[in-house]
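Asks: Would you mind keeping the following structure in view while I ask a few things?
Every number here is computed from the coordinates shown, using simple stated rules; none is lab data. Small disclaimer: the values here were computed from a predicted structure and weren't measured. Quick reminder, even Gly has a Cβ in these numbers, built from the backbone with ideal geometry, and neighbours come from all protein chains shown.
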Amino acid sequence: MQPFTEEVIHIIRSIPEGRVMTYGQIAAQAGSPQAARQVARILHSMSKKHSLPWHRVVNSSGQAAIKNTEAYEEQIYLLNKEGVITDKNGKLDLATYQWLP
């Protein structure tokens, strides 16, 4: 596994319950600020294998970036279950919920 991938997995695992991070934020913290799409690919391909809290990763607008309706609904449900409040469009307030390690 590449060092960047390992670091991304470590960062995602460390996001506490009830908090979120953005794809770009994770990429920057992992050492490659322009690699937000790579973070999305890692999350998509390794979430199950590494039991990652995938639902705690959102886009820079504070919304679920998932296009699949079922997965989108699951992400909103899991975030709400952890106390993260979203509006009717699935948007959350990053100022309130973004984790800044």
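Asks: Could you run through region 1-34 and say how many residues are over 14 Å from the mean Cα position of the chain (by Cα) and hydrophobic (A, V, I, L, M, F, W, C)?
Replies: 2
Asks: State the number of residues belonging to region 90-101 that are small (G, A, S) and surrounded by 14 or more Cβ atoms within 10 Å (Cβ to Cβ).
Replies: Residues that pass the stated criteria total 1.
Asks: Within region 37-63, count every residue that is within 21 Å of L79 (Cα to Cα) and either without any contact (Cβ under 8 Å) to a residue 24 or more places away in the chain or among the hydroxyl-bearing types (S, T, Y) (or both).
Replies: 9
Asks: State yes or no: is L79 over 18 Å from A27 (Cα atoms) and within 11 Å of the chain's Cα centre (by Cα)?
Replies: The answer is yes for L79.
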